[in-house]
Structure formats: C-alpha cells, structure tokens
Amino acid sequence: MSDILNTDILDTDIVNPVEPILRSDRIPHIWCPGCGIGTTVNSFARALVDSNIDLGSLALVSGIGCTGRVAGYVKLDSFHTTHGRAIPFATGLKLANPKLNVVVYSGDGDLSAIGGNHLIHAARRNIDLKVICVNNLIYAMTGGQTAPTTPDHSTTSTNPYGVFEPSFNLPHLVEAAGAVYVARWTTFHVRQLSRSISEAFKKKGFSFIEVISPCPTLYQRRNKMGDGLDAMKYYKEKSKVRHGAPTGEVGLTMTGEIIVGKFVDRDRPDYETMMRSQFRESLGERFVEQTEMVCS
Amino acid sequence: MPKGRVSIVVERCKACGFCVEFCPSHVLALSSAFNSKGYHPPHVVHPEKCSGCDLCGMYCPDFAICATKVDPAGHPAARTAAQPAGQAAGQTMKKATPAKGGSK
Amino acid sequence: MKTGLQKADPRGVLTGVHFMDGDHACCEGALAAGSRFAAGYPITPSTEVVERFASRVPTVGGTFIQMEDELAASITLQGAVWGGAKAFTVTSGPGFSLMMEHIGYAAMTETPCVFVDVQRGGPSTGLPTLPAQADMMQAKWGSHGDYEIIALCPNSPQECFDLTIKAFNLAEEFRVPVMFMMDECVGHMSEKVVIPPADQIEVVPRRHTHKSIEDYLPYGANGDQVPEMAHAGEGYNFHVTGLTHDERGYPNMTLPVQDKLVRRLQSKIRDAADRIAMFEEEQLDGADVIVVSYGITSRVAQRAIEAARERGLRVGKLRLITAWPFPDKKIRELAAKTKAFVVPELNLGQMVGEVERAAAGQAKTFAVSHAGGGVHNPEDILKVIVEAAR
C-alpha cells in the first residue's frame, strides 16, 4: 500500500521560472493527464521570460475549447471570447491600442473551422497578431468530434466509421493567405517552440505557430494510440525538422512523419502600416493620427 | 556533487510521465505513492545525476516540476534578470522527497 | 451615476445646420459621442453609416475596419472597447441575426458598446431596401440566456444624431450593449439636422477604475451594480470570459455565482428603468385612447391622431424613445386612466404584447399590424382608434 505523499517539506529557494506568468490560484488546470496544452503554455511562458517582453503590454485572447482555457491561466490581460472569434476580437484590441502585443492562443477547431474565415482574413490583412494554434487533431472539449484537422482514417465520435473528408494543412493555408511567419512544432519540441514564439514576437505582422499536441482522452483513446506519453514518443520518433519546407508538403497523416520547423519568415507591411501610409498619401494634411483611445 | 536540483509541486502533478521519460540523466521515476487527487507524482531517484537542465520543467504540462542548477554548496545558482524573487504568493514549490515508505 | 459628465471632443463634432439622412446623422452622433472605432460589414440599408465613418474617421483620429462578416464585426468592436475605444457596429436584419451571440457576450462581459440596426423587412433576406420594425423582440431576446439590454428608437435624422450620443452614454453608464433601433425610412430620410457646438454635448466617460492593481476586482459590483473597467495594457492583468464568472472575472460555474451574476446583469438595468425611459407625450391627460408608437410609425400615427382629434375623439400620444427596458410603470399608470391603447408598428405584433402585458387588463390593447415594406396608411390607424374609442 502506498501512502499519501508528504507535501510539507518546502523548498522555497527554488522557483519555477514560469510561475510569474501563471494565475497560480487557478492551478491545477482542467486539462487531462497527458494533454499537451499545458506544455505549450510552459513553452510560451518561457518565451516571455526569455525574451523580456513587457508583460504589461501583452494581451492574450482565446476562443472556445480546451485551448480556449489558456486565457484563464495566464497572469496577463486575458480574454476568453466566443467560439471562433478570438482573432477578430484580437484585431479590435490591437487596432484600438497598437502598443499592445496581442497573442491569440486557441485550438485547431476554434481557429480553422468556426473561425477559419477570420484566420485567413487576418493573415490576408497582415494584422500584427501572434497566433499560437494548439492542434490536437480533434474537438476535445465537446467529446472527440471530427475537426478540419483530423487525419484521414482516424475515428471520431462523429465519424465512428472513420474520417473520410480531407483535412486542412494549416501552415499551407495561412501561408497562402499571407502570414509573415509560419512554424510548426510538436509538444516534444519544447525549446524550439519557445524560440519560435520569441521569434514571432520580433516580427511585425501575422505570425502563426502550429503546435501538434496530444489528446489522450478523445483522440488517441478512440484510435488506440495510447496515452500522452505515447504521443510524445511518436512525435520524437516521427518528427523531421525541415526549416523552409514548402508548406504544401507538410500535411499530416495519422501515423506518418510530422514535418516541423520554421516554414515561412518573410516581411510585408502590416495592416496599420498600410492604413497609415494610405491615409497619408490620400489625405495629406487632413490625416489625423489615432492617438490614445483610452476614454477614462 | 550534483549540478542541479529538482523541485516538485506534488498536488499539481497528473502523472503524465513526460518528465520521467525525457530527463536526459534519468533522475526521476514515478512514485508509487499518491497525491490527494490519486496521481503518482515523480520523485527523485538519482539526485546525484541532476544537471539542472530543467527539461523536466519545460515538458511538464502541469507546472508541477522544475529543476535549477546549483553551486557546489548546493544553493540554487542565480537565475536570469527576468526571474523575479519571491513571486507567486501562496505558491511554494515543494521539494520532491521519496514518499513515506518509498517505493515498494 | 457617479461618473462625471464630460464635454464632447470638438474634433469629432461637425457643428452646424445640415441636411442629411438618418444614417449619416447616426455616424455624426457616434463621432460626437467620442467613438473612434467602428467595425462593419456592408448591408442595406445601414451601410451609409459606416461609409461616412470610414470617410470621416481618418480626419479625426480613429479606425474603421470592414470585417469579413458580421460575426467578426460584432466582436472586433468589443476587442476595441477593451483596448480603450468607444466602439460600435452597424447592420440590418440578416446581419443583426448573425451578431446575436456577441450581443450576449457584451452583456455577459459588460462591454459598453452600441449596435445600430437599421431595420428592414424580414424574415431572412426579406425586403433589403424597405422598412420594418420587426427586430424589436430580437433586440431584446435574440441572444440566449437571461440578460438585459437598452434599446432606443429614433424617429428622425435629428434624433439619429441626438440619440446615438445617448446610446453611447447609456452604454458607458451601465456597461451594457445598447441597441440603436433605426428603420429604413428613418435611415434614408433627409431632414434638417442641427449639430450643436461640442461644449453643449454631454458625454459619459468610461467607468474606468481608480483602484490600485491590488484592490481592483474586475467584476466587483459597486453600489449601483455596475463594475468599474480597466483596459488591456494598464497592468491590471484582468480576465474576461463569457463563462459564468466571479468578481475576479474567473470562471466559476456554481449555482450561487450564476444566480448572483445573472441577477445583477438584469437588475442593473431594470432597477434603473425609470431613469432610462424616454418618451414623447402629448395630451395624455383625459385621453380615452392612447396611441403608443415608435420610430417611423410614430410619424404616420401622428396624422391619424390628429384626424381622430378632428373627429372629436380624445386621443393621447405616447412615443417610445426607449423601447427596452420596456417602460412598464408608465404604461401601467396610463392604463389606469385610459380606455384603450392602440399600437401601430411595422410588424405583426411585437411591442403591442408588451403594452398589453404592462396594462394588465386595466385597458384594452389594439394592434395595428403591418408586415413591413412600407409604412401604415394613416387611415388604417384611424379606423382602429375609432374602434378603440367606442
């Protein structure tokens, strides 16, 4: 028989470097054992610490779903919005206060299905947002339904005889729509992910980082793919780092290779820059710069 | 002397095993003991091997473990400037200790 | 109301006497109220509001963005509000339907903002270029769950200007989405619009907190039930969610928290209903029949009322400027003193049900319905007035 662990021994001289980024009073979080979302938040938090971003200027916007809950766990100005609408909410936030660093942190279903239209249009407009898309290949919060990212032949609660519709290749989609920075990692690639997030903060424009993440409860269990740790081992074994890979070639399959790396890193003017230059050109002296909106 | 030291908040742990699997020095094992939610948190089985690389901390989805480098006297090495001191009131990291009774 | 009134920022105020339509007047009202952000999506007959805003706002310092759909527009504006802006969107029937979820989000998160609905004939695509008043119930009840909003109904381009300012002021005072219920006629009708000097326009500033970061509770109710706001980037590290939340803004899906929150969202408006209520009244004392109308229909009803008076009938007029919260108390008081209410509206019976409910059997209620696409023939209203007076 095992005992309940004795937790009374304090080691207060060791502090987790991500603790200042977390709402510690809300943890433990709701995510399942072996879920990778927490690991992505860990990499995100470490990117913030390492890149010395001014946390006061940082706002995080989530949609709905498992990853949508990230907003509630980070000690930042954080917005848990409606299903699919994190990107347009973030667009309003950024345009009203361009000094903010705005991160959109949401899931594959939220961003690419119900929010798919906003995803491509924000990329087209090149709104200066950092989008972190945790892709667990399924609708998890609602019980394991098919997502636009669910690989062919896997089984879901709404495709009980196997998924037969083709899935989205998200890096390809956002590159085609105009994103200036596109990367993909898995939750196995914690350091690379953290570095990618730091890099995205240095870009001005629409940045998109996809993170393949385990969903042991609703994707893997139904597909007999083991637990979270099994998924991590699969990522370790089957991931191939190919920076600059043509995004058309990085589509995912159920058990095949996962191409990871930084696929796109380019520059083009972001929405606000284009807007200002257009107004200056057309209106000349009549153009009035947007000043502080804050109406207190 | 170990180069690093691990710290664990056992009540946050959900026993995914990521830290045990990916620790390059194999410092950790899942304990046979339970936390109050019924999970088996990791414990340190080879403290002398810890390099303080904190890969366990980076992999942990539950913010339940971290490691830090220590000086020869066993004190945590100074962290980066971004590391605030004494943050997170009410949150104390707890040192992993073998469970009472240990692994059986 | 603890928040002190401010004067309008003169940069947004087009002081002078104008000849303009209701859509344009609404835009000028928004600018005068201090709105410097709009998100929109084209839809007849409302688009002129944001077309004018798109033209005007770069010259006063602000942003208009045309979004990919109304779902986006109705949440983009809320992002802007949390970034510090006073913001609005403009739409009509089908677009208004798409915005419903975000009206609920604004109510739940207490995001002050204005939704302008220039009503056209429905259901569905219906009559894109023709008037109706059939979104009145949708404005109140369209999003799921229990919540309260405020809705105003202008009946002239001048009111489109004046009441848009009022709509923003109410949104800020109560931290609530305000529905600005125009109709195609009012939107496209051109009349004289007088825009006063900025120092004669009163503007309600945001209920911004003065508390320290340590003391601030994002959803802590004050005495008057309206929490204080902070904006992103100010260091408050607050959390906003559409989930049921506690005073810290943290999700808390327990029955006591749900009960406390949803009741406060309702009572902060209902308790202030008398203060929010605005009417135009005429000859209500001793009236046998009271015509209750709003928006464009009130102008048609005026002719019927006058014709009835010429026939010797004692007819009063009550024009609802505030449609929601419904002025129960006013109707109840009048019901005790009159024989009947006549309610003409460009729908098959929406606000008339509210009049009947508030009258609670003390006075009869007559609907004068119209399926929309035009306005009533005053004769049709007159006939019902005559019948009601018997």
Worksheet, complete the sentence: Restricted to segment A:13-32 and to residues being of a type in the set (A, V, I, L, M, F, W, C) and either outside any loop (DSSP other than H, G, I, E, B) or more than 7 Å from chain B (Cβ to nearest Cβ) (or both), the residue farthest from residue A:217 (Cα to Cα) is A:21
Worksheet, complete the sentence: Out of (1) without any contact (Cβ under 8 Å) to a residue 60 or more places away in the chain; (2) assigned to a loop (DSSP other than H, G, I, E, B), the one residue A:124 does not meet is (2)
Discussion item. Against the definition (modelled with pLDDT of 95 or more, among the basic types (Lys, Arg) and more than 26 Å from residue A:141 (Cα to Cα)), how does residue A:221 come out, yes or no?
Written reply: no
Discussion item. List the helices (runs of 4 or more DSSP H) inside segment C:261-356, counting only whole elements, that have at least 2 residues being among the small types (Gly, Ala, Ser).
Written reply: C:296-310
Worksheet entry | Among (1) in contact with a Gly (Cβ under 7 Å, 6 or more places away or on another chain); (2) in a strand (DSSP E or B), the one test that residue C:133 misses | (2)
Worksheet item: Quick one: is residue A:21 within 23 Å of residue A:84 (Cα to Cα) and either within 18 Å of the chain's Cα centre (by Cα) or at pLDDT 95 or above (or both)?
Response: no
Worksheet entry | Candidates C:311, C:303, C:332 - the one that is surrounded by fewer than 22 Cβ atoms within 10 Å (Cβ to Cβ), among the basic types (Lys, Arg) and more than 26 Å from the chain's Cα centre (by Cα) | C:311
Discussion item. Any residue that is in a loop (DSSP other than H, G, I, E, B) and more than 26 Å from residue A:91 (Cα to Cα) - is there at least one of those in segment C:165-186?
Written reply: no
Practice prompt. Count, please, the residues in segment C:30-76 that happen to be under 22 Å from residue C:172 (Cα atoms) and in contact with an Asp or Glu (Cβ under 7 Å, 6 or more places away or on another chain).
Written response: 3
Discussion item. Within segment A:187-296, considering only helices (runs of 4 or more DSSP H) that don't extend past its boundaries, which have at least 1 residues that are surrounded by 13 or more Cβ atoms within 10 Å (Cβ to Cβ) and within 14 Å of chain C (Cβ to nearest Cβ)?
Written reply: A:271-283
Item to complete: Could you identify the single residue in A:65, A:56, A:72 that is under 30 Å from residue C:105 (Cβ atoms) and modelled with pLDDT under 95?
Response: A:56
Worksheet item: Given the conditions (1) more than 20 Å from residue C:270 (Cβ to Cβ); (2) in a helix (DSSP H, G or I), which single one is not true for residue C:140?
Response: (1)
Worksheet entry | Residue list for segment A:33-74, filter: within 11 Å of chain B (Cβ to nearest Cβ), closer than 18 Å to residue A:215 by Cβ and polar (S, T, N, Q) | A:39, A:40, A:42, A:43
Worksheet item: How about segment A:33-59: which of its residues are part of a loop (DSSP other than H, G, I, E, B) and in contact with a Gly (Cβ under 6 Å, 6 or more places away or on another chain)?
Response: A:34
Response to the item:
Filtering segment A:71-99 down to residues that are under 17 Å from residue C:240 (Cβ atoms), touching a Ser or Thr at 6+ places or on another chain (Cβ under 9 Å) and surrounded by fewer than 24 Cβ atoms within 10 Å (Cβ to Cβ) yields A:72, A:75
Response to the item:
Among helices (runs of 4 or more DSSP H) entirely inside segment C:1-95, those with 1 or more residues being more than 21 Å from residue C:181 (Cα to Cα) and in the same structural domain as residue C:178 (by TED's automatic domain parsing) are C:47-56, C:70-82
Worksheet entry | Matching residues in segment A:238-296 - criterion: being among the aromatic types (Phe, Trp, Tyr) and more than 30 Å from residue A:151 (Cβ to Cβ) | A:271, A:279, A:287
Item to complete: Any chance you could count how many residues in segment A:48-70 are touching a residue at least 60 places away in the same chain (Cβ under 8 Å), of a type outside the set (S, T, N, Q) and surrounded by fewer than 24 Cβ atoms within 10 Å (Cβ to Cβ)?
Response: 2
Worksheet, complete the sentence: Taking segment C:41-78 and keeping only residues that are more than 14 Å from residue C:115 (Cα to Cα) and small (Gly, Ala, Ser), one is left with C:54, C:55, C:61, C:62
Item to complete: Scan segment B:25-42 residue by residue and report those that are crowded, with 24+ Cβ neighbours inside 10 Å and touching a Ser or Thr at 6+ places or on another chain (Cβ under 9 Å).
Response: B:27, B:31, B:41, B:42
Worksheet item: Across segment B:5-24, which residue is nearest to residue A:187 (Cα to Cα) among those that are more than 7 Å from chain A (Cβ to nearest Cβ) and surrounded by fewer than 21 Cβ atoms within 10 Å (Cβ to Cβ)?
Response: B:22
Fill in: Matching residues, segment A:100-121, being surrounded by 24 or more Cβ atoms within 10 Å (Cβ to Cβ), assigned to a helix (DSSP H, G or I) and in contact (Cβ under 8 Å) with a residue 40 or more places away in the chain
A:108, A:109, A:110, A:111, A:112, A:119
Response to the item:
Per the filter on segment C:210-242, residues more than 9 Å from chain A (Cβ to nearest Cβ) and closer than 15 Å to residue C:110 by Cβ are C:216, C:217, C:218, C:219, C:220, C:221, C:222, C:224, C:225, C:226, C:227, C:228
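Per-residue answers, yes or no, for (1) within 21 Å of residue C:129 (Cα to Cα); (2) away from every other protein chain (no Cβ under 12 Å); (3) crowded, with 24+ Cβ neighbours inside 10 Å; (4) without any contact (Cβ under 8 Å) to a residue 24 or more places away in the chain:
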site	(1), (2), (3), (4)
C:5	no, yes, no, no
C:26	yes, yes, yes, no
C:37	no, no, yes, no
C:46	yes, yes, yes, no
C:59	no, no, no, yes
C:64	no, no, no, no
C:86	no, no, yes, no
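The values are calculated or read from the model by the stated rules, or taken from the named source; none is laboratory data. Note that the structure is a prediction, hence the values are computed from the model and not measured. Heads up, the Cβs are rebuilt from the backbone with ideal geometry, glycines too, and the neighbour counts pull from every protein chain shown.
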